[in-house]
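Visitor: Would you mind keeping the following structure in view while I ask a few things?
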Amino acid sequence: MKIYRKNSGMSLIEMLIAIFIFTIGMLGFSLLFARSWKANTFIMAVGQSSQQASQGMDEVVSLIRKVRDPGTTGAVNSIADNDLVIFLDYDEDTTIERIHLYLENSQIKRGIREPDASGTY
């Protein structure tokens, strides 16, 4: 006596449920990837901003460490909110220049003035 087995695959309902579960899983991974990408982009932007700020402050500190007294005016001429005037040999030509550091549009700007023939700035 022969026994016949029915070799059946998945029914249509089982296939639809499997596709639904797979779709939900893929949607979850897609959302996770998108949020991770956004977070990574934000972290990179913050890191670059922090590095630029650090480099700018390193340059200002380097300038302040080179401050020299030009004579009667003193090494630091003026200090105010967001404004600093110092004297130093900026271009290393043995002449002391007047350096004006100030904040404008959230950026540190620098103005350099050489002394005239009489030695005034």
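Visitor: Starting from 0 in steps of 10 Å, tell me what percent of the Cα-Cα pairs of the chain lands in each bin.
Guide: P(r) for the chain, in whole percents per bin: 10, 23, 15, 10, 9, 8, 7, 6, 5, 3, 2, 1, 0.
Visitor: Calculate, for the range 32-121, the solvent-accessible area per residue in square angstrom, rolling a 1.4 angstrom probe over the heavy atoms of the protein chains. Each step should come with its number before you reach the end.
Guide: On the way: 6790 Å² over 90 residues.
Spelled out: the 1.4 Å probe surface of the range 32-121, per residue, equals 75 Å².
Visitor: I'd like the carbon and sulfur percentage of the solvent accessible area for the range 29-121, probe radius 1.4 Å, heavy atoms only, ligands and nucleic acids excluded. Write down the numbers at each step before the final one.
Guide: Details: 3810 of 7090 Å².
Carbon plus sulfur share of accessible area: 54 percent.
Visitor: Quick one: angle between helix 12-65 and the longest Cα principal axis of the chain, in degrees between 0 and 90, rounded to 10, please.
Guide: It works out to around 10 degrees.
Visitor: Which of GLY47, GLY119, LEU101 sits farthest toward the positive end of the charge dipole of the chain, with +1 on the Cβ of Lys and Arg and -1 on the Cβ of Asp and Glu?
Guide: GLY47
Visitor: Just from its helices, what would the mean residue ellipticity at 222 nm be for the chain, if runs of 4 or more DSSP H residues each count -39500 (n - 2.57) and the sum is divided by every residue, rounded to the nearest 500 deg cm²/dmol?
Guide: Numbers: 1 runs with 54 residues, N = 121.
Calculated mean residue ellipticity at 222 nm is -17000 deg cm²/dmol.
The values are calculated or read from the model by the stated rules, or taken from the named source; none is laboratory data. As the structure is a prediction and not an experimental result, all values here were calculated from the model. Heads up, the Cβs are rebuilt from the backbone with ideal geometry, glycines too, and the neighbour counts pull from every protein chain shown. Ligands, DNA and RNA are excluded from the accessible area calculation, which covers all protein heavy atoms including side chains. Shrake-Rupley method; radii C 1.70, N 1.55, O 1.52, S 1.80 Å.
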